[in-house]
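Engineer: Provided herewith is a single structure, encoded as structure tokens, for subsequent inquiry.
The values are calculated or read from the model by the stated rules, or taken from the named source; none is laboratory data. Just so it is clear, the structure is predicted and the values come from calculations on it, not from any experiment. Here Cβ is always computed from backbone atoms with ideal geometry, including for glycine, and neighbour counts include all displayed protein chains.
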Amino acid sequence: MNVFATDHPMAAEPSAFARRLQRRLLWAAAGYLLYVLSFGPMAFLMGHGVLDFVPEPVTRAFLLPAKPLVALPGMRTVLRDYLDWWYHDPCDPYSSPD
């Protein structure tokens, strides 16, 4: 018997529960990535006062899922650079995109 064949009796397909769990984890990771990417435009709008009508507890609830990302030392600088990229003003001589 060839142990590298795909029809090996020990190489079983994952269960339906495992596939469902993997799919949900994939969707959760994709959703968190979209949240982080939308964090820049939302923070830009909040910083310029466009969303001043939103109550403060709602804005705190929006910012709360980013806390674990900010706690990581390497990711903190990446997130800060991403937010600075959204605030870049080309007319400001002291503002630099780098």
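Engineer: Give the residues of region 63-82 that are over 18 Å from A29 (Cα atoms) and surrounded by 14 or more Cβ atoms within 10 Å (Cβ to Cβ), sorted by residue number.
Structural biologist: Of everything in region 63-82, just one residue is over 18 Å from A29 (Cα atoms) and surrounded by 14 or more Cβ atoms within 10 Å (Cβ to Cβ), namely Y82.
Engineer: Next question. For region 63-74, state whether one or more residues are at pLDDT below 80 and hydrophobic (A, V, I, L, M, F, W, C).
Structural biologist: Here is the first cut: in region 63-74, the ones at pLDDT below 80 are none.
No, there is no match, as no residue in region 63-74 is at pLDDT below 80 and hydrophobic (A, V, I, L, M, F, W, C).
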